[in-house]
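Engineer: Here you go, one structure.
The values are calculated or read from the model by the stated rules, or taken from the named source; none is laboratory data. If you're wondering where the values come from, they're calculated on a predicted model, not measured in any experiment. Note that we place each Cβ from the backbone using ideal geometry, even for glycine, and neighbour counts take in every protein chain shown. We work out accessible area using only protein heavy atoms, side chains counted, and drop any ligands, DNA or RNA first. Shrake-Rupley method; radii C 1.70, N 1.55, O 1.52, S 1.80 Å.
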Amino acid sequence: MEEKRQQDAACAARSGGAGFKTMCGGQALIEGIMMRGPKKQSIVVRRPDGALEIQEKSLTPVKERWPILGLPLLRGVAAFGSSLYNGVTALMFSAQFFPEEGQEEEPSKLERWLEQRLGSERAAAFFTTLAVVLGVAVSIGLFFLLPTLLGSAITVLTPSMLARNLAESILKLLIFVAYLALCSRMGEMKRVFAYHGAEHKTIFCYEAGLPLSVDNVRRQPRHHPRCGTSFLFMVIAISIVVSTVVFALWPVSNPILRFLAHLAMLPLIVGISYEINRWAGRHDGAVTRLLTAPGLWLQNFTTFEPDDSMIEVGIRALELVLPQQRGEDAW
């Protein structure tokens, strides 16, 4: 009990009191949460027997290894790629404790072959990279290729490039919102999204300078302005603005060429979205409230209220990545 009180006091001291904004953040997993701090990453998963499975590792910022990737716009692309890879790795780690009924536990011939040729660590890295590539490909197909192909149907009614740009923009937003709404209705995802709520509430509690207790965390809101959902919406919104400007100056009617143009613009779109989210996360005011409002609303689909056991996981995951020195994790 005394150790817990000391941890709470240290947490409150590190947070700097109300109004503090931390760079610590995380991701919901299968029955768990990943948290990332300035120097450490933790994964905490509640096993079927109720015990906590914990994995920790030290972090080296990408910009320290390649300083050029710390420059504006480039740092957004680097952060996005790193988050995708680490997120998939963490998700695969959590999934191994909850195999599906009847799932084949023996490794496949391909897995055995890769382990023999590459070793277990490199084989795991290969499958993680493959999962990231496939995930990005599906996302690009769903949110960029599909709206481009469907938007071309409006040419039957009018040759107007403005009408076509508007149709594609509306389709992007509709597909994105429908995708989140559909995911929120899936039974398997509801608990993941409840852990997402636990992650947000835990971060809010820390930023408020309150001791990290279940009661304190439970009282916090579950919608956080610096959420990945908000970032994804910003990517969609910026892609609409950028593509509208580009295609107004360079009218392209062929749907394949339009999609390839979208693909070429994607790194710039991600970079701009990251910089806007970064700025909005550090400031408070009417403009930032306007910028973050759509993302906060979309979190009605991607966050649910957690139970106490989920909050306990969030608290433990955050405690493991908090820096010792005050202000090291300031956003």
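Engineer: If exposed trypsin sites (Lys or Arg not before Pro) are those in a DSSP loop with at most 15 other Cβ within 10 Å, what is the longest stretch of the chain that has none?
Structural biologist: 40-218
Engineer: Where is the GNM fluctuation largest for the chain (alpha-carbon springs, 10 angstrom cutoff): Tyr179, Tyr85, Tyr206?
Structural biologist: In the Gaussian network model the winner is Tyr179.
Engineer: Kindly write out, for segment 62-70 in residue order, the coupling ³J(HN,Hα) from the Karplus curve 6.51 cos²θ - 1.76 cosθ + 1.60 (θ = phi - 60°), rounded to whole Hz, with x marking Gly and Pro.
Structural biologist: So the Karplus estimates, Gly and Pro as x, are 4, 5, 6, 7, 10, x, 4, 7, x Hz.
Engineer: Roughly to the nearest percent, how much of the accessible area of the chain is carbon and sulfur, given a 1.4 Å probe?
Structural biologist: 63 percent
Engineer: Run the count for the chain, please: Lys pairs, Cα-Cα under 25 angstrom, 8 or more apart or on different chains.
Structural biologist: Count of close lysine pairs: 19.
Engineer: Same structure again: How much mean residue ellipticity at 222 nm does the chain get from its helices, if each DSSP H run of length 4 or more adds -39500 (n - 2.57) and you divide by all residues, to the nearest 500 deg cm²/dmol?
Structural biologist: -20500 deg cm²/dmol
Engineer: Amide H to amide H, which residues 5 or more places from Ala330 or on other chains are under 5 Å from it, using H placed in the peptide plane?
Structural biologist: Met23
Engineer: Between Val235, Val136, Val270, which gets the highest mean-square fluctuation from a Gaussian network model of the chain, Cα cutoff 10 Å?
Structural biologist: Of the options given, Val136 has the highest mean-square fluctuation.
Engineer: Here is a further query. What stretch of the chain, leaving out the sites themselves, is the longest with no GluC sites (Glu not before Pro) in a DSSP loop having at most 14 other Cβ atoms within 10 Å?
Structural biologist: That gives 106-327 as the longest site-free run.
Engineer: So for the chain, averaging the separation of alpha carbon pairs under 8 Å that are six or more residues apart and normalising by length, what relative contact order in percent results?
Structural biologist: The normalised contact order for the chain reaches 33 percent.
Engineer: Ok, one more. With unit charges on the beta carbon (Lys/Arg positive, Asp/Glu negative), name the residue among Phe93, Val241, Val192 whose Cα is farthest towards the positive pole of the charge dipole of the chain.
Structural biologist: Val241
Engineer: Per residue, how much accessible area does the chain have with a 1.4 Å probe, in Å²?
Structural biologist: 54 Å²
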